[in-house]
Amino acid sequence: MDKNKSIAIILSSIIFGGCFLFGSYKISGAIDSSGLYISSSINSGDVINEKYELVVNDGWLYLYDKTDGQIWKKLDDAEGTATWEVIKHINQ
């Protein structure tokens with residue numbers, strides 16, 4: 001009976017190790033593919049005109065004024081109306 005228990009422990013250890021390696025491989029692939037998504041979501045090259053630049057970062061819209069350094073962030077209200085709020089000025 002002890003021989004059967006030791007064989008069962010060895011087989012379960014091998015199966016557990018294989019599952020651990022397979023899970024690590026899948027998590028590694030998920031991290032690599034999410035890195036591609038994150039880098040493509042940050043787009044700082046959209047130029048509205050020569051004075052303003054539109055930046056999308058973490059799902060938020062930022063409008064940067066190149067002449068005076070003001071940065072606006074687009075806020076969504078509960079009623080569905082969107083407003084722009086000045087969040088930073090270059091002199092601050």
>> If a residue must be at pLDDT 75 or above, under 15 Å from Lys73 (Cα atoms) and open to solvent by 50 Å² or more (accessible area, probe 1.4 Å), how many such residues does region 14-57 contain?
In response: 2
>> Give all pairs with beta carbons closer than 7 Å in which a residue from region 52-63 that is free of Cβ contacts under 8 Å to residues at least 40 places away in the same chain meets a residue that is open to solvent by less than 50 Å² (accessible area, probe 1.4 Å) and acidic (Asp, Glu); count only pairs at least 6 apart in sequence or on separate chains.
In response: Tyr52/Asp65
> Are there any pairs, at least 6 apart or on different chains, whose C-beta atoms fall under 8 Å, with the first in region 1-16 and free of Cβ contacts under 8 Å to residues at least 24 places away in the same chain and the second outside any helix (DSSP H, G or I), and if so, which?
Replying inline: none
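The values are calculated or read from the model by the stated rules, or taken from the named source; none is laboratory data. From a predicted model like this one, the values you see are computed outputs, not experimental measurements. All Cβ positions, even for glycine, are placed from backbone atoms using ideal geometry, and neighbour counts span all protein chains on display. Quick note on the areas: whole protein, heavy atoms, side chains included, nothing else; ligands and nucleic acids left out. Shrake-Rupley method; radii C 1.70, N 1.55, O 1.52, S 1.80 Å.
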